[in-house]
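The values are calculated or read from the model by the stated rules, or taken from the named source; none is laboratory data. The shown structure was predicted, so the numbers you read here are calculated from the model rather than taken from an experiment. In this analysis, Cβ positions are derived from the backbone assuming ideal geometry, glycine residues included, and neighbour counts consider all displayed protein chains.
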Amino acid sequence: MAHGLRATDRVDESAVIEARTDRLPETATGDQETASRALPRAASRATAGRPGAAPRDRAAADATLYFDLASPHTYLAAERADRAFEQLRWVPAFSAVLRDRSSTASDDARAAVIARARRLRLPLILPLCAPVPCDRAMRVASLASERGCAAAFVLAATRLIFCGTFDIEKPLILAEAAAFAGISLSDMLSAASDARRDAPIAAVGRALVRAGADALPAIRIAGTLFCGEHRLAKAVAARARR
């Protein structure tokens, strides 16, 4: 369902979001044999035509996508969202605090997301563990969000996880996703080990809960929040009407 927010509310870019329930952050900022051969071809296409993964998901953006790399629904939505929105902010949020109805922990939920991927004609291999461990990758995602290159990072990371069944928490694999977003190895390692980034990401999730969110990914268009990958088309249509 689409949850109404006041369109006049300004977004709290500092992610200090405890004061009001209707303020959503634009960033999750915290204090601050090679894996490339194993990278699926689909992941290689994630940044095709984007040398150096030049930032394009922050400047002049009028929509924000909140995502959790652990969710296959983020993978199912990411490429379509990237194509549908010329300017889109990508903001990491931990879905655990949402009691996420799109969780794939149960057999029925896993079957449903597999069926959804087939309908979308997207390759999908679900890892055995659910949710997928992604804490270190989410910290790097927060860095990518700050730099405006999160689209490339999310596309590459989710394809590695859900097309290639790679462990995104392993440094070599995480380095591949970071490289596609133009993030250096040293910056990736620094962000991945910085546990101070966890609290702002969790705070984004709590802000989404207060705004009425019940699933990720979620897209904010002006004053409305569209929750769940299946609501992406509605979000695109809402953007087109503006």
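The table for this structure:
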| read-out | value |
| --- | --- |
| So R80, is it out of contact with any strand residue (DSSP E or B) (no Cβ under 8 Å at 6 or more places or on another chain) and at pLDDT 85 or above | yes |
| Test: residue in region 40-55 that is among the hydroxyl-bearing types (S, T, Y), assigned to a helix (DSSP H, G or I), within 19 Å of F226 (Cβ to Cβ) and modelled with pLDDT under 90 | no |
| Criterion violated by G148 - all others in (1) on the phi > 0 side of the Ramachandran plot; (2) under 17 Å from the mean Cα position of the chain (by Cα); (3) of a type outside the set (S, T, Y); (4) loosely packed, with under 15 Cβ neighbours inside 10 Å satisfied | (4) |
| Residues of region 217-230 classified as farther than 17 Å from R119 by Cα and charged (D, E, K, R), total | 1 |
| Region 206-224, residues that are in a helix (DSSP H, G or I) and surrounded by fewer than 22 Cβ atoms within 10 Å (Cβ to Cβ) | R206, V209, R210 |
| Helices (runs of 4 or more DSSP H) (entirely within region 113-202) containing at least 1 residues that are over 17 Å from H73 (Cβ atoms) and among the charged types (D, E, K, R) | 135-147, 171-180, 185-192 |
| Among the residues listed as A137, A233, A150, A240, the single one being within 29 Å of A115 (Cα to Cα) and in contact with a Phe, Trp or Tyr (Cβ under 6 Å, 6 or more places away or on another chain) | A150 |
